[in-house]
Structure formats: structure tokens, C-alpha cells
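Let me begin by presenting the structure, written as C-alpha cells, before commenting on it.
The values are calculated or read from the model by the stated rules, or taken from the named source; none is laboratory data. Quick caveat: nothing in here was measured; it's all calculated off a predicted structure. Cβ placement follows ideal geometry from the backbone for every residue including glycine, while neighbour counts extend to all protein chains displayed. Only protein heavy atoms, including side chains, enter the accessible area calculation; ligands, DNA and RNA are left aside. Shrake-Rupley method; radii C 1.70, N 1.55, O 1.52, S 1.80 Å.
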Number of protein chains: 2
Amino acid sequence: MADASAPRRKRLSLLGSTGSIGEQTLAVAGAAPERFEVVALGAGRNIEKLADQVRRFRPGLVSVADEKGAAELRERVGSQPFELRVGDAGLVAVAEHPADLVVSGLVGAVGLAPTLAAIRAGRDIALANKEVMVMAGALVLREVKAHGVALLPVDSEHSAIFQALCGQRIEDVARLILTASGGPFRTWSTDQIAEATIEQALKHPNWDMGPKITIDSATLMNKGLEVIEARWLFDIAPQRVDVVVHPQSIIHSLVEFVDTSVLAQLGLPDMRVPIAVALAYPERIALDLPVLDLPALGRMDFETPDHKRFPCLNLAYEALRADEAAPAVLNAANEIAVAAFLAGRIRFPEIAATNGAVLNSHVGRGGRAALRDLADVMEADAWSRACAREWIASSYGSAA
Amino acid sequence: MADASAPRRKRLSLLGSTGSIGEQTLAVAGAAPERFEVVALGAGRNIEKLADQVRRFRPGLVSVADEKGAAELRERVGSQPFELRVGDAGLVAVAEHPADLVVSGLVGAVGLAPTLAAIRAGRDIALANKEVMVMAGALVLREVKAHGVALLPVDSEHSAIFQALCGQRIEDVARLILTASGGPFRTWSTDQIAEATIEQALKHPNWDMGPKITIDSATLMNKGLEVIEARWLFDIAPQRVDVVVHPQSIIHSLVEFVDTSVLAQLGLPDMRVPIAVALAYPERIALDLPVLDLPALGRMDFETPDHKRFPCLNLAYEALRADEAAPAVLNAANEIAVAAFLAGRIRFPEIAATNGAVLNSHVGRGGRAALRDLADVMEADAWSRACAREWIASSYGSAA
């Protein structure tokens, strides 16, 4: 389909091809077959969806969760030739497969090892997996530097900063300014927030996302985790990362430079835009999506985040001040606390209280933990989960 | 003051050193003497101010309006050595002096010849003189391409677009979006605008500027002239240049890309920022100025410009559709009309009526005028001035 004079197509490998990021990545790549070639797909147990992707994109390598899934995939796809791998080793094989860009779209800690493998294999990374930088940012940053790979963020805020930094020098940056919608409780009093129900917390004003991240938006923990990501993605001191509440979520983030000039990226909320930016970088590809109409929008508002009502944001800065393992501790505690809230076992403010208590305990353990490898990350994660469960049981009388 | 290992300082020549842009340029350059060296100053009749600049910056070449000024400067500066030139040839000598960047800060048509001379001598240009691109855009663009020089805009809107385009490819641009404050009559009815006094028209909401450009902001002619500038500065089709009214003037302009992503430059209104951006490009220099505080600002608003109440904006698009000389015609007619308004000889809506009538007459002259050289530009300018005076005299019974 590409003529002889066309440039070589960009080879993409996807970790997490049947998830939300994976599907949207394939939608963007599939709409520009003259520019992208999908060479490897790593998925889990959604074999039906994966089979469709394999038929459409004809990758050379595919990975699934287990042998049962592998057999089912072979049966569904029939005679089409491709290498088939399974389990954690399969995801690492996808990560190390020859490619120009690895899209890291797995959710949670399972994405850590394959993403690190891709970096160590010298692959550029389009990073949609938040946990990679939140849990292991210090470690990942060292590996990225050691292997000289590009780390292209795929979420709206960090993609905005990445775009605003194009053609600029990081040493000319004064501040990164992440925007936050403020979540569903932006205008609620402390007393109202204390009584918030699960249904109320699950109503995000601008983005339609999964329950975990929607709760994180309500506590502002999500913005805290993004501060941690930004600190490592852009290798910038935490005190140079600020947060501004912007309820309309149209400005996705901003960069202030030393000459006081500010560059911002704006747009309607659609993940296909940051995905396309990462896939096409340093070029851009046309997307057939509605464009931002500022007069139709009418106005944009800005507020300072209220750290009293939303204490989770400051916990992120505390974790960055503590040590390299503290962000992983905070992230794990928060996963346990949010699950407990969604299960009706703790009240909304107890999410922040749990996170703060576990982080405090970690700091109280003494020493300044460095992340030498993934084992250190997973140790911090496991310790934090146990500590959070214990705190919830003892403080709120609820088995989490 | 620079140590031996420091990079060579950037050599600056200034056309219009005693004007507002010239003074602010020297303020920025003078605050970073390790990075900038002022090698040539071109001024007019403000010899006292020029003498101060010569003493402080010790340029190798200075130009003044005439021999009388030259003698006065010699007397004031005493024994300091520098080459001294006069008149139009003096400005051209400043333009052609060996330098890394020529700041084109003269006001009006007088800046045309020296700016073209600088381009033809292969100098990069920091362009603050609007008339260069408004009157002679097609000609200047051809010369810029032929000589491979960089044209760095020094006004807030075009600097914003320039900054948003850094690291981006012009072929990925969908639209340039210039922001307009809307001027003092943004919320006025047609009837109210018809009765606007000179004092009311001179009240700009956000910027403190000279009377001519302030009136142009009230008619939106200024934004029309900026559309013309943008068309030539960025070599983009006029239908890809849009205008959005943004009363707070914090977003200085925006660029929409083919993937629907929008990049914008924001900041407090201060000309030292776009000056510093142009001087330091591709780096940035720290400025000791207040920074934008979005929560303190609180909100930003956006509206569609009302072409019925402000017909001057559409005249700019008409001029760009007509021929290469039409923008010079529109610009000259507007100068005559604004002067007549400021002299109390015509009413506010008669500025737009005059501009429209003269542009119409030009189009009615037939043919598609190309700008082969400056003589063609000056012919269009002179014809338009005569035509505008005649129109004002015959239509409004007033000798302009």
C-alpha cells in the first residue's frame, strides 16, 4: 500500500493491545497504514478481541496470558503465521521484538518488567502505563538515560507538557503546571466530602474512565501521581511541578519558561490525540476528530487546589521528598484504600488518611530507600499493601 | 565580562534604537551582557537618548537622521570611537553591518528599505516593524526565502505563534488562531460605536500603546493587519488564519495542528518577553518580570469577532484575496483615516468606510498587482493615501 518512494513505516509493538489504550492505539495506527506497521501484540485473556487484531494487523509476534489462551487464539486465527508466546516471558518478548516504538499500555504493576525490558533493548517507548513512572520512576529514568531511548508520554497532561517542550531546552523551564479538573467534589465542603457516596465519587466531570482512576480524580490523588510521573518523565525537581485546578479540562497542562513565557497544550478530551502525538512524533498525523472551538466553549476557569479538602495531592510531594521507594508505597496504599472505599468498607476521607498513615510508617522505617531493581519496587509495593490493610482493619474496623 | 570558555556573544544591530522597541531591546540585551553585544544603532532625531545608548553599549556604527544630529552626537559622546552615518543610507549601513541579528524596530514605511537591505545582506531579523510584512509581505517573503534568513517576530501575537511552532512542522498546521482583546468597543452596540469619541477609542483595555495602534485595536483593523502579517510571516494560506476575541489578552495566540492538538502561548502583557524570545532564540534568557498566575487571573473568555460591528477585520482578508499590493493599499488608507479621526474630521465608523472604499477602488483598478520591488509598494501606498484623502473630502466634506 506504500509506494516505493515512501519512507519506511514505523514498526509498533503493543503491550496491552486489547485494553483501552491498546484499542485506541490500533484505531490511530490502523487509520494510517501507510505510516505504521504493527509488528507485535501483547495481550492477556481477551482472546476474541486479540484474534480480530491479529487478523487485521498481521503481527509477527503475539503474546497471551497462558497456554489455554494460546490454543484458543490458534484456533480462531487459523493458518495465519505468527510467533506465539505466553505469560510474563511473552510480554518481555513483545517488548524486545525489533520495533521502532513500544506502546506500553498495560495497566498496573504487570507493565513494569516488560517496559523495563523494552528500554533495556533500546526501544523508544510510548508510555501509557502510569505505574511505570509512579512506582519505579527513579529506576526507569536511570535506564532511559543509560540506553538513550525516548520516553513519549501518552496521557493528556504529560503529553501536553511534552508537546509544549518540543523545540525547547529543559534548562529553560521554570515550572511545569499540571491542570486538574478538580473532580466531582471541587465545590464541596469538607463536611459534604466526608459523607460522599461511591456513586457521587464516580461522577467525573470531563473524562469517562475506569472506577479506580475516577476515584483518584475525586481525591486529587490522581494529580499527585501525575506530579510524581512528571518529576521522573521530565527529570525535573518536584518543587518545579505545580498544579492548577481548571474545571473545563481544556488546557491539558502548561510549561512556564525562565523568560515568563508560558506554552500550553489545549484540546477536547480524547485519548486518541496524545496517542497520535506519541505514535507520529516528531511528525503529526491528521485525526478526523472534532476540533476545539474556543468561542463555543466561552470561558475557562482556574483555581488553586485546596490542600485541606484534598490532602492526597501533598502526599505526592511528601513521597518525592522522602526516598525513591516512597512513591511506590503511596501508590500501593492508595490502591488498597480505593478498593476498600469502592467495596463500601471505608469512607471517602479515609482514603487520604490511609495513604498518609502508610506513607508516614514508611518514612518512619528510616533509611533512604533507593530502587536498585524491580525487586526493590515490588518489596515496597508489597510492604505498603500489607501496611494499608492493617491500618484499615485497625482504624476503621474493616477487613480490607 | 565573559570568560574565555563562554560562547561568542550574539551581535545585535538595532534599527530604531531610541523608539519603544529599541529601548526595550536594549533593556533586555543590557541585562545579559554576557550573551549580547550591541554593534550598531540606527536612530533618528532623539540625539540625547542615542548618546546615552552609545556611551553604554559602545557600538561600532551609529546612524542618525541628518548632519545636524551627527554633529550633536559627536559633541555629546566626545572621544568615543565609532563610525557615524546619516539618513536613509545610514540606516541601510546599520542593516548591513556585520551582525548575528538585526532588530527592525523602526515605525512605519521608513523601516522597509533597511529591513530589506538586512535580509539581502543575509542577516537574521527580529521584526517589530509591522509595516514591513503588511505593506511588502509578498516581496519580503520571497527575499527571506532567497537569502535563507530567519524572521523572528517581535509582537505578542506572532511571537506566540512562533513559539507554538517551535519544534513543529508547518505542514502539520491546520490553523493559526490570533487572539484579539476586542478593544474598548467590544460590548458596544453599532449605534454606540457610531458616536464613539476620540477619548473613548483611545482607552485600550490591556495594552498601553501609541494612539494610532490603539485606534486600530478599537476598529479591529489592527487584528486585520496582524492576519496579513501572519499570512506572510508563516507563509500560510489566509483561510488558515483565524481570529478569536479573548478580552483578557493572556493567551497571545494559538496554533491548531492536523491532529486537533492546539498549542498556545500565554503570559502577562509585556513586550520584553517577545523581544527576549527573539533575541535569545533558539535559547531563552531569564527575565525578572512578574509571572502569570492563572488562579489569580481566575478566568479567560472567548468570543467570535463580530464582523458587522467591526468590518475592518474582513477587509484584511479581502485585501489578501485581491493582490499583493492590496494590503499596502489598505494599510495606507487606514493611516489616513485614523489620522482624520484623531483630528476630529471623521467619525469612528468612517474609518472602516474609508478603508473599504479605497480597497474597493484599488480592486476596481483591475489587474492583479504584483510587488516586484519597493517602488511598487510605495506606488500603492501613495495612490491609496491620495484616494483616501479624496474619499474623506468628498464623502465627509472634510479636508484630510
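Across identical copies of the chain, A:Asp288 has label-point separations of 5.7 nm, listed in ascending order, with the point defined 7 angstrom from Cα along Cα→Cβ.
With Cα atoms as the point set, the radius of gyration and Dmax of region B:54-156 evaluate to 14.5, 44 Å. Shielding value for A:300-309 is 3, the average number of Cβ atoms from other chains within 10 Å of each residue's Cβ. Rounded to the nearest 20, the Cβ-based charge dipole of chain B about its Cα centre (Lys and Arg +1, Asp and Glu -1) stands at 400 debye. Each residue of region B:255-263 was assigned a 3J(HN,Hα) from its phi angle through the Karplus expression (A = 6.51, B = -1.76, C = 1.60, θ = phi - 60°), giving 10, 9, 9, 5, 8, 6, 5, 10, 10 Hz with x at Gly and Pro. With a 10 Å cut-off around each Cβ of B:263-275, the average count of Cβ atoms from other chains is 4. Measuring only protein heavy atoms, the 1.4 Å probe finds B:Ile47 accessible over about 10 Å². Label-to-label distance, A:Ser20 versus A:Ala382, with points set 7 angstrom from Cα along the beta-carbon direction: 3.0 nm. Shape call for the protein assembly as shown from the C-alpha gyration tensor, a ≥ b ≥ c root eigenvalues: rounded (a/c under 1.5), prolate (a/b greater than b/c) or oblate? Prolate, because a/c is 1.5 or more and a/b exceeds b/c. At a 1.4 Å probe radius, carbon and sulfur cover how many percent of the accessible area of chain A? Looking at chain A in its full context, I get 51 percent from C and S. Computed from the Cβ-Cβ distance with R0 of 51 Å, the FRET efficiency linking B:Ala343 to A:Lys308 stands at 0.30.
Each chain gives up part of its surface: B and A jointly bury about 3800 Å² of accessible area, both sides summed, for a 1.4 Å probe.
Placing unit charges on the Cβ atoms of the charged side chains and taking the dipole of region A:321-400 about its Cα centre, the candidate lying farthest along the positive direction among A:Ala375, A:Ala340, A:Ala326 is A:Ala340. Using the Cβ-Cβ distance between A:Ala71 and B:Ile236 with R0 set to 60 Å, the FRET efficiency from 1/(1 + (r/R0)^6) comes to roughly 0.60. Evaluated at q = 0.11, 0.15, 0.16 Å⁻¹, a Debye calculation over the C-alpha positions of region A:237-347 (equal weights, vacuum) places log10 I(q)/I(0) at -0.59, -1.03, -1.11. Most tightly packed first, judged by the mean number of other beta-carbon atoms within 10 Å of their residues, the peptides B:83-90, B:245-252 read B:245-252, B:83-90. Between identical copies, the spacing of A:Thr190 label points, each set 7 Å from Cα toward the C-beta atom, reads 5.7 nm from nearest to farthest.
Between the residues A:Val107, A:Gln265, A:Leu50, the greatest Cα displacement towards the positive end of the dipole of the protein assembly as shown, with unit charges on the Cβ of Lys, Arg, Asp and Glu, is found for A:Leu50.
For B:Arg76, the distances from its label point to the matching points in the remaining copies are 8.2 nm, ordered from shortest, with each point set 7 Å beyond Cα toward Cβ. If R0 is 60 Å, the Cβ-Cβ spacing of B:Ala31 and A:Arg45 corresponds to a FRET efficiency of close to 0.45.
Among residues of chain A, the one whose beta-carbon sits closest to the A-to-B rotation axis is listed with its distance in Å as A:Gly167, 1. As a length-normalised measure over Cα pairs under 8 Å and 6 or more apart, the relative contact order of chain B settles at 14 percent. Summing +1 for each Lys or Arg and -1 for each Asp or Glu among the other residues whose beta-carbon sits under 11 angstrom from that of A:Pro274 gives -3.
Buried by at least 20 Å² relative to the chain on its own: which residues of region B:156-174 qualify, computing accessible area with a 1.4 Å probe on protein heavy atoms? Relative to the lone chain, where solvent access is computed with a 1.4 Å probe, region B:156-174 loses at least 20 Å² at B:Gln163, B:Cys166, B:Gly167, B:Gln168, B:Arg169, B:Asp172. In this structure the protein assembly as shown gives 38 Å² per residue of accessible area when probed at 1.4 Å with all protein chains present.
Taking Cβ atoms as reference points and 12 Å as the exclusive limit, the residues near B:Ser395 contribute a net charge of +1, counting Lys and Arg as +1 and Asp and Glu as -1. Is the C-alpha gyration tensor of region A:1-121 telling us rounded, prolate or oblate? Criteria: a/c under 1.5 is rounded; beyond that, a/b larger than b/c is prolate, otherwise oblate. Here region A:1-121 falls in the oblate category. Counting Lys +1, Arg +1, Asp -1, Glu -1, what net charge surrounds A:Asp124 among other residues with beta carbon under 10 Å of its beta carbon? Spelling it out: positives minus negatives among the neighbours equals +1.
From the Cα gyration tensor of region B:15-64, with a ≥ b ≥ c the square roots of its eigenvalues, which class applies: rounded if a/c is under 1.5, or else prolate if a/b is larger than b/c, or else oblate? It is prolate, given that a/c is not under 1.5 and a/b is the larger ratio.
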